[in-house]
Amino acid sequence: QVQLVEPGGGLVQAGGSLRLSCAASGRTFSSYTMGWFRQAPGKDRDFVAAINWSSSKIVYADSVKGRFTIFRDNAKNTVHLHMNSLKPEDTAVYYCGASPPTRPMNIMGDYNYWGQGTQVTVSS
């Protein structure tokens, strides 16, 4: 079992930066792929970024590549998403998820555990 909690989020102006954090409980955290997804109003939940258990493989959605950075600290059971050059279209509820290590990293249906979500609003 993995439980995920996402403090943070907030309101930021376009061009600004924000860091999201996800804290996990459960002794098997370090074995899971961790990912971030987001859901804008009226839209599906979309993949943003994911990192495998050893941080040796990282995948980003094209829309955030070069602007967002995902990283994890297995010793602290945390995963973070640092977001730079934010745009109004980045506005969404952001969800942290955990997926078994053998599954594709960018498929929402493969994620077993989810945080409660945190709102990110980027004003123009």
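The values are calculated or read from the model by the stated rules, or taken from the named source; none is laboratory data. Quantities reported herein were computed from a predicted structural model and do not represent experimental measurements. Glycine also receives a Cβ, built like all others from the backbone with ideal geometry; neighbour counts cover every protein chain displayed. These area figures cover heavy atoms from the full protein model, side chains too; ligands, DNA and RNA do not enter into them. Shrake-Rupley method; radii C 1.70, N 1.55, O 1.52, S 1.80 Å.
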**OP:** Once you have the Cα-Cα distance between residue 5 and residue 43, take 0.36 nm times their residue separation minus that, and quote the gain in nm to one decimal.
**Re:** 11.4 nm
Subject >> For the range 17-60, Kirkwood radius (reciprocal of mean inverse C-alpha pair distance, Å) >> reply: 12.1 Å
Subject >> Spin-label model distance (nm) - residue 27 vs residue 71, 7 Å beyond Cα toward Cβ >> reply: 2.9 nm
Subject >> Amide proton proximity set for residue 49, modelled H, under 5 Å, gap of 5+ >> reply: 36, 61
Original post:
Residues of the range 1-36 with amide nitrogen under 11 Å from the 7 Å Cα-to-Cβ point of residue 123?
Top reply: 11-14
Original post:
How large is ³J(HN,Hα), in whole Hz, for each residue of the range 109-124 in order, when computed from phi with the Karplus curve 6.51 cos²θ - 1.76 cosθ + 1.60 and θ = phi - 60°, using x for Gly and Pro?
Top reply: x, 8, 8, 8, 10, 9, x, 7, x, 9, 7, 10, 10, 10, 8, 8
Original post:
With all protein chains present, how much of the accessible area of the chain (probe radius 1.4 Å) comes from carbon and sulfur, to the nearest whole percent?
Top reply: 50 percent
Original post:
What accessible area per residue comes out for the chain, rounded to a whole number of Å², with a 1.4 Å probe?
Top reply: 50 Å²
Original post:
Relative to the compact globular guide of 2.2 N^0.38 Å, what is the alpha carbon radius of gyration of the chain, as a ratio?
Top reply: 0.97
Subject >> Gained length - residue 87 relative to residue 110, 0.36 nm times residue gap less alpha-carbon distance >> reply: 5.5 nm
